[in-house]
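Here's the structure, in structure tokens; my notes come after.
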Amino acid sequence: MSVPTDTGGLEPGDAPRAPRRRRVLIRVVIAAAALMLLAGGATGLFFERQRTYDRNIQRIPGAFPAEAGRPVRAPGRAENWLLVGSDRRADQATTGRDANEPLWRYGAQRADTIMLVHLPVDRDRAYLVSFPRDSWVPIQGYGNAKINAALSFGGPPLLIATIERLTGVRVDHFAILDFEGLRSMTDALGGVDVRVARTVGDPARNGVWPAGTHHLDGARALDFVRQRYNLPGGDLDRIKRQQAFLKALAGRVVDTGTLANPLKLNAFLEASTKAVSVDESLTISRLRSLALQLRSVRAGDIVFMTAPIAGTGTEGRQSVVYLDRAKGQPLYRALGADAVEGYLAGAGGSANQVDEVR
């Protein structure tokens, strides 16, 4: 299925478009790697330098919406995280320790990458569900709009509220970053490998991705994850590229060569913690506990999905994606009830295969 691209200007109230080079949809994968894969052999180094890493992380006051009407928490220790990539419409960083611009200003940033991450009670896996940024959904106080505009309209609280109302899933933690983190963290690991199924051109950058394995440094990673033109599935294929990159990054983090090299591992953790902004409840003790809980998780234990799609269309001058609410409900119920494994086994759900992508 080919996802159309925008063909005209934005509707009134939409945020202005960013320059193309900044429209990167994968900033959030770095938050996922940094906050979920401080595990395995990384735990010892994390404990040793936890105060430094804690000082690096920027925390967001008032990230969550008012409690009234929010969904109930998942049972036991199960958690759902909202990981977001801002499209950074500022000349300076907007997330992380070195941010010189506000995280959110009305009309200034939109959420280009949106993932719900489910951590089950037993912490033996992680389930990532991506939502297309052009999903046409209700946003409280603004009617129907693209889901990525919720961050522009009302900052993290409105985006979280939009996701919770759409899915019925309570968001326990929130993390956001802009694109510089991807570049620095990829380079800190010495790059990652991804595999492309068939040769494809990138008309936006006058480049070509030959079929086969590609070793990506930070700059090349940005090119890989932000392409959608000339991909058969448009944004849906770009989501799979994002997920393929995340899997490769996660694999690199827990690779024995990284874990055995304190300098490389420290460089990665320094870069990741400096790039991300999180909700205030993510204290250093909470992150330390998470590192221990996830110490056995490897790249192969991360399951990737896309929210069910009904089709595409136009709303005014905007090209949009329509979510399939009927097919989405079993998935969302599974996320809220810590039953994703059962959903995949018997409720018609399917995972994305991202070891090789278009």
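Within region 270-294, the set of residues being among the polar types (S, T, N, Q) and under 20 Å from G181 (Cα atoms) comprises S272, T273, S277. For P71, the test of being in contact with an Asp or Glu (Cβ under 7 Å, 6 or more places away or on another chain), at pLDDT 80 or above and in a loop (DSSP other than H, G, I, E, B) is passed. Within region 160-201, restricting attention to residues that are modelled with pLDDT of 95 or more, in contact with an Asp or Glu (Cβ under 7 Å, 6 or more places away or on another chain) and of a type in the set (D, E, K, R), the residue that is surrounded by the fewest Cβ atoms within 10 Å (Cβ to Cβ) is R195.
Residues in region 271-289 that are farther than 29 Å from R195 by Cβ, surrounded by 14 or more Cβ atoms within 10 Å (Cβ to Cβ) and not hydrophobic (A, V, I, L, M, F, W, C): T273, K274, S277, D279, R288. In the set A310, A250, A326, A291, only one residue is touching a helix residue (DSSP H, G or I) at 6+ places or on another chain (Cβ under 7 Å), more than 28 Å from G212 (Cα to Cα) and among the hydrophobic types (A, V, I, L, M, F, W, C); that residue is A291.
Limited to region 120-140, what total is found for residues that are of a type in the set (S, T, N, Q), surrounded by fewer than 23 Cβ atoms within 10 Å (Cβ to Cβ) and touching a strand residue (DSSP E or B) at 6+ places or on another chain (Cβ under 8 Å)? Don't jump to the end; show me each part of the working.
Going residue by residue through region 120-140, those that are of a type in the set (S, T, N, Q) are 130, 135, 140.
Narrowing further to those that are surrounded by fewer than 23 Cβ atoms within 10 Å (Cβ to Cβ): 135, 140.
So of that shortlist, the ones also touching a strand residue (DSSP E or B) at 6+ places or on another chain (Cβ under 8 Å) come out as 135.
So the count comes out to 1.
Counting only strands (runs of 3 or more DSSP E) that sit wholly inside region 120-237, those with at least 1 residues that are small (G, A, S) are 126-131, 143-146, 173-177, 200-202, 207-209, 212-216. Taking region 296-358 as the region of interest, the strands (runs of 3 or more DSSP E) fully inside it that hold 2 or more residues being over 24 Å from V225 (Cβ atoms) and in contact with a strand residue (DSSP E or B) (Cβ under 6 Å, 6 or more places away or on another chain) are 309-315.
The values are calculated or read from the model by the stated rules, or taken from the named source; none is laboratory data. These numbers come from a predicted model, not from an experiment. Ideal geometry is used to build each Cβ from the backbone, glycine not excepted, and the neighbour counts take in all protein chains shown.
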